[in-house]
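So the structure is just underneath, and the comments pick up after that.
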Amino acid sequence: MREGTVKVINPLGLHARAAAQLVRIAVGFKSEIILMRVDNRTIADAKSMLSVLTLAASIRTVLELNVVGEDEEPAFNAITKLFDNGFGEL
Amino acid sequence: MSSIKKVGGVIVSHGQVANELLAAAETVVGDLSHIVAVSIGWHDDVELAKNEISRAIKHVSQGIGVLVMTDMFGGTPTNISAMFLKENEVEIVTGVNLPMVLKLATDSQEMTLSELAKEVEEQGKQSIYHTGALLEPYKMKKDA
């Protein structure tokens, strides 16, 4: 298991297109990828866009990223990078 | 891209709602070749609309079923679509909203048509939030 936190830094937050980007990357990995809001413990499956949207994660929201599976290392890195880049919106 | 068969989708509405819902979904997740929109004009002839829906269903069918999503139960788009209801071939879910279209667009699991219809129905219902009530602690007070 690979665990860590990511922070939403793009002004629009985890909106529909950003969530779609996240899901597109997540489905490319075999691992199970779960995101959880640290503040209210809402959980989402990173491979389901509608699930990701229910996080309602706005700018500065901190999420726990939990990846389990054979390709957990590259999956964790790819998703962390996406958050760090502000979904290419910065 | 992939050879996995998908359940086709037809969005049917009064006016241009269907086209715009599909356009919005495509903006979010990219090209959706297995979903089409049929907009029924307020003054369109029933036979004309029926032919258009029939064509749309045939167009998106990949042999494992087509899910028709209409704007409102009891409305003309639904009533005309209902003529095409057929077990394992055509199912209808009413009250289409953007999350429902996205559910159909992004669902990658193998599901039968009736299972998918149920999922899309549930998704539509679950995606409605009274957002103000949900965000109560964060709401800006008028006099603040």
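For segment B:6-16, give me each residue that is in a loop (DSSP other than H, G, I, E, B) and either touching a helix residue (DSSP H, G or I) at 6+ places or on another chain (Cβ under 6 Å) or farther than 23 Å from B:S81 by Cα (or both). Scanning segment B:6-16 gives a single hit, B:V7. Within segment A:64-85, residues that are in contact (Cβ under 8 Å) with a residue 24 or more places away in the chain and within 16 Å of A:E32 (Cβ to Cβ) have Cβ atoms under 8 Å from residues that are part of a loop (DSSP other than H, G, I, E, B) and β-branched (V, I, T) in these pairs: A:E64/A:V38, counting only partners at least 6 apart in sequence or on another chain.
Selection within segment A:22-36: residues that are crowded, with 18+ Cβ neighbours inside 10 Å and touching a Leu at 6+ places or on another chain (Cβ under 9 Å). The member of this set that is nearest to B:N97 (Cα to Cα) is A:L22. Count of segment B:17-54 residues, restricted to those that are part of a helix (DSSP H, G or I) and either within 14 Å of chain A (Cβ to nearest Cβ) or surrounded by 13 or more Cβ atoms within 10 Å (Cβ to Cβ) (or both), is 18. For segment A:17-47, a residue qualifies if it is in a loop (DSSP other than H, G, I, E, B) and under 13 Å from A:G69 (Cβ atoms), and the qualifying residues are A:V27, A:G28, A:F29, A:K30, A:S31, A:A46, A:K47. Against the test of being surrounded by 15 or more Cβ atoms within 10 Å (Cβ to Cβ) and assigned to a loop (DSSP other than H, G, I, E, B), the options A:L14, A:L82 yield a single qualifying residue, A:L14. There is at least one residue in segment A:39-61 that is away from chain B (no Cβ under 14 Å) and more than 30 Å from B:A23 (Cα to Cα). Out of B:L98, B:L134, one residue alone is aliphatic (A, V, I, L, M), modelled with pLDDT of 95 or more and either buried (at least 17 other Cβ atoms within 10 Å of the Cβ) or over 14 Å from B:G8 (Cβ atoms) (or both). It is B:L98. Remark: pairs (first residue in segment B:52-67, at negative phi; second residue part of a loop (DSSP other than H, G, I, E, B) and among the basic types (K, R); Cβ separation under 9 Å; 6+ apart in sequence or on different chains) = B:V60/B:K6; B:Q62/B:K5; B:Q62/B:K6; B:I64/B:K5; B:I64/B:K6. Answer yes if at least one residue in segment B:102-116 is among the basic types (K, R) and within 14 Å of chain A (Cβ to nearest Cβ), and no otherwise. There is at least one residue in segment B:102-116 that is among the basic types (K, R) and within 14 Å of chain A (Cβ to nearest Cβ).
Would you confirm whether or not segment B:90-101 contains a residue that is outside any loop (DSSP other than H, G, I, E, B) and in contact (Cβ under 8 Å) with a residue 60 or more places away in the chain? For segment B:90-101, residues outside any loop (DSSP other than H, G, I, E, B) and in contact (Cβ under 8 Å) with a residue 60 or more places away in the chain: present. Assess whether A:I25 counts as being under 23 Å from A:P74 (Cα atoms), in contact (Cβ under 8 Å) with a residue 12 or more places away in the chain and not basic (K, R). Considered against the rule, which asks whether it is under 23 Å from A:P74 (Cα atoms), in contact (Cβ under 8 Å) with a residue 12 or more places away in the chain and not basic (K, R), A:I25 comes out as yes. Taking A:T5, is it over 25 Å from B:Q109 (Cβ atoms) and in a strand (DSSP E or B)? It is true that A:T5 is over 25 Å from B:Q109 (Cβ atoms) and in a strand (DSSP E or B). With respect to the conditions (1) touching a Ser or Thr at 6+ places or on another chain (Cβ under 9 Å); (2) within 11 Å of chain A (Cβ to nearest Cβ), B:E91 lacks only one, and its number is (2).
The values are calculated or read from the model by the stated rules, or taken from the named source; none is laboratory data. Every value quoted in this text rests on a predicted model; they were computed, and no experiment measured them. Quick reminder, even Gly has a Cβ in these numbers, built from the backbone with ideal geometry, and neighbours come from all protein chains shown.
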